Number of protein chains: 2
Amino acid sequence: MNFFFSLLLTFHQAALESFGSSAVLSPRLSFADAFAAVQHNETDYAVIPFENSTNGSVVQTLDLLADRDGLYSDVVVCGEYYLTVHHCLLTRKNAVPSADGSYRFITKLYSHPQAWGQCERFLSKHFKNVERQDVSSTSKAAEIVSAEETGHSAAIASRFAAEYHGADILAANIEDRADNTTRFLIVKNIRSKRTGCAHRTSDAMDMEESQTARWKTLISFMINHSSPGALADALLIFKAHGMNLTSINSRPSRIRAWQYIFFVECERVPGVHDDDVMERILEGLRKVTESCRNLGSWKDRLIHEV
Amino acid sequence: MNFFFSLLLTFHQAALESFGSSAVLSPRLSFADAFAAVQHNETDYAVIPFENSTNGSVVQTLDLLADRDGLYSDVVVCGEYYLTVHHCLLTRKNAVPSADGSYRFITKLYSHPQAWGQCERFLSKHFKNVERQDVSSTSKAAEIVSAEETGHSAAIASRFAAEYHGADILAANIEDRADNTTRFLIVKNIRSKRTGCAHRTSDAMDMEESQTARWKTLISFMINHSSPGALADALLIFKAHGMNLTSINSRPSRIRAWQYIFFVECERVPGVHDDDVMERILEGLRKVTESCRNLGSWKDRLIHEV
């Protein structure tokens, strides 16, 4: 169980921060289990990583949202949360460092594949020819090096994981970009009586905020790939309604090789777009796509620079 | 060195099949090293995995093509190669199986993260609660289990890797889809005197083929994200010239969080499109994008169903 518990340390932090400490957190073994728990009303919400500002989309989450086998037909996105991610270089407590204070005593690194991508500059400066071992989570990496007898291995993981596993921090904030942020999506069951995703705010505040807040919507669709411009036609519908796209992703359809399912996220701005703009966009999309699904709308939590 | 050598077994196979056995193969330690070797004219071509039909894009390759630091300004795509990928379940030679012939004696699995995604059905049927260890390549996984004393671990890897490391194959073709295929891109230096990418065909044949062959082009660009419909405007240019898009991908720009670099691949069909259609598309793109790069054109090698 340790494996899955440690996987959750990061999401634990995101869930705590977005729902506050009064929420009952119920860990699940995998992203798929969290989606299933929402579909079967075993939990009110699930918090799932969607993309990282340095390293891009989380494909496992896109694959769950693609829902190719129709297992999660009631799961919709109802919120988002941005978590700034800082990485540290850790070793086991009281490991013996090199006499010159360098990292030369470290002969092996452990981390999650996403973390390598977020710390490329630090790693290529200090660990160019050092073996890297992928593990299931950064926290698992911290656990492994904490238990290591030789003290010659190090992990890339969070401060939270270092403290949890009692590891020493050799270097902090080693990520390439100070604005390294992971965006989490909050999903709920569409049939749930809970209105919206009132995390950390009272319903009254939500009502007030919703007058001015930007709303994002996520839509998945498939197009006829043999028709020239089919994707452009679909995207034109957003443009025709003056909607900006905030992200676009694609994953294999798995119906036929080299066919894709697209994910488009767009943003409605009060005062600029009508209240029913999304309904009209979906109506238009149904005419030019082979299939199309509204995966939910939620309040934009990104702080927009003016 | 073993680590990097084993990484190359799959690409070795793709390179051998696309260039034939007379080509001199020169392994590189990473995709980035292969790009650098082409940029510095240390090799004529490099063979790099681009996408898998089941599991989607190879983000490391997209990041190299994004070339955010301008390290590979002379690297262009000049060809593609499709390799059908079959996976096997391997253990060390003469491992002791369960009395009932089941896989219950296996308590740990090793493979590359891409392979888990390609064998999901087999794994969820037979190995639902078995620990999975990510390693750097499927061949590395085969190497680890071949050397394992207990015989209680198994690897997901190719038949080629099983034979190379002397492992036993317990189950073959365990991939979810029989058409599981990886597409490789062949890149060269734009200043190289070699015309096109005459792999496995004589130049004479190439000339003849080029009259009827479809040609693909890969273009990367960045847009002004604050302008509604900027992406639709860019894609409209392809549509206006009747060009079909064969893939679209995005990666973080790493200039500013939540800004992306887009990769669009399109296809020119002789008799349908003019010879200079790509030049006109690029001209149009330069007007509506912040930056735009032609990453090369090559003959479509996909067998199109009629």
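Any read-out appearing in this document is the output of simple, stated calculations on the displayed coordinates, not a laboratory observation. Everything quoted here is computed from the prediction, not taken from an experiment. All Cβ positions, even for glycine, are placed from backbone atoms using ideal geometry, and neighbour counts span all protein chains on display.
Data table
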read-out: Pair A:Ala99, B:Val272: separation of 7 Å Cα→Cβ label points (nm); value: 7.0
read-out: Estimated inter-spin distance, B:Ala171 and B:Leu71, nm [label 7 Å along Cα→Cβ]; value: 4.0
read-out: A:His86 paired with B:Arg194, simple spin-label distance in nm, labels 7 Å along Cα-to-beta-carbon; value: 4.8
read-out: Shielding by partners - mean other protein chain Cβ count within 10 Å, residues of A:249-256; value: 5
read-out: Rounded FRET efficiency, nearest 0.05, which uses the C-beta distance separating A:Ala240 from A:Ser124 and R0 of 45 Å; value: 0.50
read-out: Computed helical MRE - 222 nm, the protein assembly as shown, DSSP H runs ≥ 4 contributing -39500 (n - 2.57), nearest 500; value: -8500 deg cm²/dmol
read-out: Estimated dipole of the protein assembly as shown in Debye, rounded to 20 [Cβ of Lys and Arg +1, of Asp and Glu -1, Cα centre]; value: 360
read-out: Chain A: relative contact order in percent, alpha carbon pairs under 8 Å with at least 6 residues between; value: 23
read-out: DSSP loop GluC sites (Glu not before Pro) with at most 10 other Cβ within 10 Å: longest gap in chain B; value: B:150-304
read-out: Beta bridge orientation in chain A: antiparallel %, DSSP, nearest 5; value: 85
read-out: Cβ-placed point charges (K, R +1; D, E -1), dipole of chain A about Cα centre in debye, nearest 20; value: 540
read-out: GNM result for chain B, Cα springs below 10 Å: residue of B:Ala95, B:Ala23, B:Ala154 fluctuating most strongly; value: B:Ala23
read-out: Simple Cβ-charge dipole of the range B:4-157, Lys/Arg +1 and Asp/Glu -1, about Cα centre, in debye nearest 20; value: 840
read-out: The range B:201-306, Cα convex hull volume normalised per residue, Å³; value: 123
read-out: Using θ = phi - 60° and Karplus 6.51 cos²θ - 1.76 cosθ + 1.60, couplings along the range A:153-168 (whole Hz; Gly, Pro as x); value: 10, 9, 10, 9, 7, 7, 4, 4, 5, 4, 5, 4, 9, x, 9, 8
read-out: Order of B:Thr84, B:Thr43 - criterion: other Cβ atoms within 10 Å of each residue's Cβ, fewest first; value: B:Thr84, B:Thr43
read-out: Taking the convex hull of Cα positions in the protein assembly as shown, its mean projected area over all directions (nm²); value: 29.6
read-out: Top of A:Leu65, A:Leu235, A:Leu83 by mean-square fluctuation, Gaussian network on chain A, Cα under 10 Å; value: A:Leu235
read-out: Interchain or long-range residues, amide H under 5 Å from A:Cys78's placed H; value: A:Ile186, A:Val187, A:Lys188
read-out: Across A:Lys287/B:Lys287; B:Lys93/B:Lys140; A:Lys239/B:Lys216; B:Lys108/B:Lys140; B:Lys216/B:Lys239; A:Lys239/B:Lys239, pairs whose alpha-carbon gap is larger than 18 Å; value: A:Lys287/B:Lys287; A:Lys239/B:Lys216
read-out: Long-range amide H partners of B:Ser57 with built H, under 5 Å; value: B:Asn52
read-out: Centre separation in Å (Cα based) which lies between the range B:70-102 and the range B:265-306; value: 31
read-out: For A:Ser247, distant residues with modelled amide H under 5 Å away; value: A:Glu265
